[in-house]
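The values are calculated or read from the model by the stated rules, or taken from the named source; none is laboratory data. What you see is a predicted model; the values in this text were computed from it and never measured. In this analysis, Cβ positions are derived from the backbone assuming ideal geometry, glycine residues included, and neighbour counts consider all displayed protein chains.
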């Protein structure tokens, strides 16, 4: 059984049908969080085999991870908080935001499952070595017939 952390600002609204596909028959255990603070807490407190994230639209939340954009940078922050969070996890030496503790996670075990990635986010993901990406357009309820897209995506990451 694989343990999966799902990080998505809308996970509490539409995660259930997605999670049911992954947990069917006890195959995987899925934890879900909707902001960077929760994600950091879960990553520090638990071991995950893979992390699925939609970095676009994530908020910093409250707690261990605080988002403080540099002066004059507020427009960028609304679209790239999740990418900056990934940068803090995977390349702390050059990250804009330093985390107090560093979770043990590799770029090869992170999958980006997003319906909207801007050019700047592709560049950030490439720089971090995150190559697993899927577009979730058409995979949201009521179109739950996406079985193979998410399940195959998870299996692809796990096989790596």
message: I'd like to check something: does the range 71-87 contain any residue that is more than 16 Å from the chain's Cα centre (by Cα), at pLDDT below 75, surrounded by 17 or more Cβ atoms within 10 Å (Cβ to Cβ) and in a loop (DSSP other than H, G, I, E, B)?
response: no
- prompt: Is there any pair linking a residue in the range 35-55 that is at negative phi and surrounded by fewer than 19 Cβ atoms within 10 Å (Cβ to Cβ) to one that is assigned to a strand (DSSP E or B) and at pLDDT 90 or above, with Cβ under 7 Å and at least six apart or on different chains, and which?
  reply: 42/5; 42/31; 42/33; 47/3; 49/2; 49/3; 49/4
